[in-house]
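The structure appears below as structure tokens.
The values are calculated or read from the model by the stated rules, or taken from the named source; none is laboratory data. For clarity, every value in this text was computed on a predicted model and none was experimentally measured. Virtual Cβ from ideal backbone geometry, glycine too; neighbours counted across all protein chains shown. Surface areas here come from the heavy atoms of the whole protein model, side chains and all, with no ligands, DNA or RNA. Shrake-Rupley method; radii C 1.70, N 1.55, O 1.52, S 1.80 Å.
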Amino acid sequence: MKILYGASLLPYNTFGVEAVADCIVRYSSVDDLAEASSMLSAGKLPEPFLFVGQGSNILFCRDFHGTVLHSEIDTLETVSGDQEDTVLVRAGSGRIWDDFVAFCVANGWYGAENLSAIPGQVGAAAVQNIGAYGSEAGDIIYQVETFDMNSGQTGRLSSVQCRYSYRDSVFKHQGHRSEAVTHVTFRLSASKALNISYRALAEALSGRDTGSLDAADIRKAVISIRSSKLPDPSVTGSAGSFFMNPVVSRDKLDGLKARYPEIPYYPASCGELYKLSAGWLIDKAGWKGRSLGRAGVYEKQALVLVNLGGATGEDIYSLSQAVSSDVAGKFGIELRPEVRIIR
């Protein structure tokens with residue numbers, strides 16, 4: 001375990017904004033977490049505490065007065081499959097997500113390839129239920145292991161107990177926010193199981209014989225699509241999709257279709273609900289490629305807010321509020337941030 005006081009959060013947020021934490025604890029085992037938990041209880045580390053991975057889904061609008069906990073648990077192991085033709089892979093929460101995906105693809109295991117090139121760590125993927133191109137992390141998560149910083153107890157939650165839904169899990173709600181994800185076990189398919197239902201992915205692979213495609217082909221296509229639409233955060237600060245795609249009723253959708261026949265939509269996971277494209281709404285509201293000061297809306301994908309150089313967290317937050325306000329005024333729809341905002 002390594003403890004840093006008065007440390008910069010620049011390496012821990014992909015927006016590339018300057019902020020300082022009173023304390024950063026970098027832990028590499030459950031024992032380290034137990035020690036940090038005891039130190040917090042004894043007042044030897046400042047409270048409150050905040051779990052941060054690579055910071056690819058967080059916006060710091062101020063310094064953090066407390067303790068940031070950063071996982072460096074980087075283990076990776078294959079455990080026995082629970083069914084025929086399945087493989088269980090247990091990864092530490094500090095493992096880089098795309099390294100985990102690359103490992104699965106290299107071994108010919110299916111299920112993670114659509115989630116290629118998403119920045120972040122395994123633990124954050126399980127908390128956020130990251131998703132892209134028709135797949136979500138929750139689809140392949142078998143079990144999540146935790147350590148509760150308040151009680152000092154370890155736990156195991158099945159995928160069902162994690163209550164995964166669109167960019168959501170039990171870990172984002174009261175009662176579980178004190179739990180650090182330490183390890184995640186994924187269930188993958190040892191036999192071919194492709195998901196090319198997402199339109200952009202299907203178009204990228206059009207003309208290919210689907211029978212000849214494998215996980216490596218899907219991964220290559222996904223990486224190509226992402227690189228053409230999303231900025232490299234090491235070059236241009238961003239956190240990927242800033243807003244969640246809004247979900248509306250059939251009546252609301254019909255009203256919008258009457259005004260905008262071309263509006264893209266698709267069924268949500270349950271009931272008479274439909275998911276809209278937040279990027280399309282933002283573009284239609286006139287924000288694509290625009291900026292406010294040092295913060296901007298990415299010219300290739302309106303769902304992405306970017307640091308144009310030297311932006312503060314407040315600069316980016318102010319831009320997000322302006323975008324949200326215009327979308328609400330034009331469409332009567334409230335955009336909810338996917339990014340966690342620390343203000």
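Assorted remarks:
- In a fully extended conformation the segment linking Leu76 and Arg340 would gain 92.3 nm over its present Cα-Cα distance, using 0.36 nm per residue.
- Of the listed residues His173, His183, the order by accessible area with a 1.4 Å probe, largest first, is His173, His183.
- For P(r) over Cα pairs in 20 Å bins from 0, in percent, the value computed from the atomic coordinates appears in the list [x] 29, 58, 13, 0; [y] 28, 55, 17, 0; [z] 34, 60, 6 under label [x].
- Taking each residue as 0.36 nm, the span from Ser38 to Ser228 lengthens on full extension beyond its C-alpha to C-alpha distance by 63.7 nm.
- Centre separation in Å (Cα based) which lies between segment 195-249 and segment 1-72: 32
- Packing, as the average of other Cβ atoms within 10 Å across residues, places the peptides 190-198, 238-246 in the order 238-246, 190-198, highest first.
- Theoretical ellipticity at 222 nm over the chain - DSSP helices of four or more residues, -39500 (n - 2.57) apiece, nearest 500: -7500 deg cm²/dmol
- Heavy-atom accessible surface of Arg340, to the nearest 10 Å², is about 130 Å², with a 1.4 Å probe and all protein chains retained.
- Largest GNM mean-square fluctuation across Asp148, Asp63, Asp31, computed for the chain with C-alpha springs under 10 Å, falls on Asp31.
- Cα-based Rg and Dmax for segment 197-313, where Dmax is the largest Cα-Cα distance (Å): 17.0, 50
- With DNA, RNA and ligands ignored, accessible area of Ile341 (1.4 Å probe; Å², nearest 10): 50
- Solvent exposure ordering (accessible area, 1.4 Å, most first) of Ser135, Ser80, Ser228: Ser80, Ser228, Ser135
- Taking a straight line from the alpha carbon of Lys44, these aspartates and glutamates sit under 13 Å away, with near neighbours fewer than eight places off in the same chain left out: Asp22, Glu35.
- A simple spin-label model places the labels of Lys2 and Lys172 3.1 nm from each other, with each point 7 Å out along Cα-to-Cβ.
- Each residue was assigned an accessible area with a 1.4 Å probe, and for Phe147 the value is about 10 Å².
- The alpha-carbon of Lys288 sits under 23 angstrom from the alpha-carbons of these lysines, leaving out residues fewer than 8 places away in its chain: Lys229, Lys257, Lys275, Lys300, Lys330.
- Put a dot 7 Å past the Cα of Arg163, heading toward its Cβ, do the same for Asp85, and the two dots end up 3.4 nm apart.
- Accessible area of segment 257-303 divided out per residue, in Å², using a probe of 1.4 angstrom: 55
- Protein-only accessible surface order, largest first, of Thr236, Thr75, Thr146 at 1.4 Å: Thr75, Thr236, Thr146
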